[in-house]
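The values are calculated or read from the model by the stated rules, or taken from the named source; none is laboratory data. Everything quoted here is computed from the prediction, not taken from an experiment. Cβ atoms come from the backbone with ideal geometry, glycine included; neighbour counts cover every protein chain shown. Heavy atoms of the whole protein, side chains included, go into the accessibility calculation; ligands, DNA and RNA do not. Shrake-Rupley method; radii C 1.70, N 1.55, O 1.52, S 1.80 Å.
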Amino acid sequence: MRDRFTELDYGLSLLSLMYHQDWRSSGDWTAVLEIFLWEDQTPPAVLALYEDAAAFSSLSRVEIEDVWTASTDENFIFGRDADSGDDFLSVIQERSRTWLVARGIPTPSAGVPIPKRAPAEAVGAQIGSLMAWSDVDGRLVGTFSVLKRFAETSSPDLAFRLFLRIVDARRMEISSQLYHEFVLLGRSLNFGDFVVSSLEYLVSDTNG
C-alpha cells in the first residue's frame, strides 16, 4: 500500500482534473503535464504519477484511451490532443523520470505489481454496486468493466481513483450507502480524506 503523502488526490487521477474544458489555453497537452511537473513539485507526487502511468500502461491502447477520455469528461480526445494512449503514457513516464533523475531520485523498477486480493475484490465490488444502482450507459459500462479488471490484475488504488474521477466528471448520483462504502474503501487504500469526500455532493437517495 502506498504511504499517504497528501490528503488530496494524486497521480493520474489528479492530472485528469487538469484537462478541464479550458485546458487548451495553456498550450498542448504536454504543457499541462509540465505545469504538473513544476520545479517545486514534491517528489512523492511525481513518483505517484510515474507509478500510475507505468501501471496504466498494462492496459491495451483502446482501453487506456477509453478510460482516460471518460476521466476527463471527454475534454481530452485522442487523435486530436495526443496521438495514442501508448504515446501519452510513454511521455508521462519519460518526463516524470527526467524530473526525478534531475533530483537524484531513482525510479522504481519496471513491472506490474501483483495486487492484494482483498483491495482488488473490494474495488471491483464497489464498481459493480454503482453499476447496479445507477443508470449507466453502454459505453460507460465497458469503461467500468475495464477498471474492475484493472483493479484485479494491476492496481486497485489507481482503478478506484479513476473510477471516482469518472463518477465526479459525469455527475453520477450515488446513494448514501454507496458513498459510505466508498469512504471506507478509500480509508482502507490509505487515501487522504478529500479524495472520496469530494463526491459527497452527489449523494442522493431518491432512487432507493
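Of all residues assigned to the range 58-67, at least one qualifies as being at pLDDT below 95, touching a helix residue (DSSP H, G or I) at 6+ places or on another chain (Cβ under 8 Å) and not hydrophobic (A, V, I, L, M, F, W, C).
If only residues of the range 131-144 that are in contact (Cβ under 8 Å) with a residue 12 or more places away in the chain and of a type in the set (Gly, Ala, Ser) are counted, the one that is farthest from Glu63 (Cα to Cα) is Ser134.
Contact map, the range 176-194: residues that are open to solvent by 60 Å² or more (accessible area, probe 1.4 Å) paired with residues that are outside any helix (DSSP H, G or I) and not β-branched (Val, Ile, Thr), Cβ distance under 7 Å, separation 6+ or inter-chain. Pairs shown: Asp193/Glu7; Phe194/Glu7; Phe194/Leu8.
Being touching a Pro at 6+ places or on another chain (Cβ under 8 Å), open to solvent by 10 Å² or more (accessible area, probe 1.4 Å) and acidic (Asp, Glu) holds for only one residue in Glu173, Glu152, and it is Glu152. Note on the range 155-170: residues that are part of a loop (DSSP other than H, G, I, E, B) and surrounded by 21 or more Cβ atoms within 10 Å (Cβ to Cβ) total 1.
Checking every residue in the range 137-148 against the condition of being out of contact with any Gly (no Cβ under 7 Å at 6 or more places or on another chain), of a type in the set (D, E, K, R) and over 19 Å from Asp66 (Cα atoms) gives zero matches.
I want to confirm something. Restricting to the range 1-15 and keeping residues that are of a type in the set (A, V, I, L, M) and assigned to a loop (DSSP other than H, G, I, E, B), which single residue is surrounded by the most Cβ atoms within 10 Å (Cβ to Cβ)? Among those that are of a type in the set (A, V, I, L, M) and assigned to a loop (DSSP other than H, G, I, E, B), it is Leu8. Tell me which residues, restricted to the range 16-47, are in a helix (DSSP H, G or I) and within 16 Å of Thr98 (Cβ to Cβ). Correct list: Thr30, Ala31, Leu33, Glu34, Ile35, Phe36, Pro43, Ala45, Val46, Leu47. When Leu178 is tested against the conditions (1) over 23 Å from Met18 (Cα atoms); (2) not in a helix (DSSP H, G or I), the lone failure is (2). Suppose we filter Ser58, Ser129 for residues that are under 24 Å from Asp168 (Cα atoms) and surrounded by fewer than 17 Cβ atoms within 10 Å (Cβ to Cβ); which single one remains? Testing whether each residue is under 24 Å from Asp168 (Cα atoms) and surrounded by fewer than 17 Cβ atoms within 10 Å (Cβ to Cβ) leaves just Ser129. Restricting attention to the range 87-126 and to residues that are modelled with pLDDT under 95 and among the hydroxyl-bearing types (Ser, Thr, Tyr), the residue that is surrounded by the fewest Cβ atoms within 10 Å (Cβ to Cβ) turns out to be Ser109.
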